[in-house]
Amino acid sequence: MKPIIPEYLVCPVCKGTLRALEGVRQELACPACGLAFEVRDGIPSMIRADARQLTDEERTKMKRPTPKEEAR
Ligand SMILES: [Zn+2]
């Protein structure tokens, strides 16, 4: 079963909108401050100390609009 990640979650650091990262691990990423919060068993760990820094590549990817967003 795929965990449901609420879309209204905001970054605990800067209150920016978090985006779900599709990858090996489930993570919620904040493009604004470049942090990623791991989702464990469907529950996002919204602790600053648990967050990891996004790589430059990941941040660049998130700045580009996805094809879905462009269509709006
Ligand atoms: Zn942030």
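The values are calculated or read from the model by the stated rules, or taken from the named source; none is laboratory data. Given the structure is predicted, the values throughout are model-derived calculations rather than measurements. Note: ideal-geometry Cβ built from the backbone for every residue, glycine included; neighbour counts use all protein chains shown.
If I filter segment 21-31 down to residues being away from the ligand (no atom under 11 Å from the Cβ) and surrounded by 15 or more Cβ atoms within 10 Å (Cβ to Cβ), which single residue comes out as farthest from Ile47 (Cα to Cα)?
Taking segment 21-31 as the starting set, the residues that turn out to be away from the ligand (no atom under 11 Å from the Cβ) are 21-27.
Adding the requirement that they be surrounded by 15 or more Cβ atoms within 10 Å (Cβ to Cβ) leaves 21, 26-27.
On the way: Leu21: 17, Gln26: 15, Glu27: 13 Å.
Step by step, filter segment 21-31, then rank; the result is Leu21.
Just for strands (runs of 3 or more DSSP E) wholly inside segment 1-51: which have at least 3 residues that are at pLDDT 90 or above?
Numbers: elements: 19-21, 27-30, 35-40.
The strands (runs of 3 or more DSSP E) meeting that bar are 27-30, 35-40.
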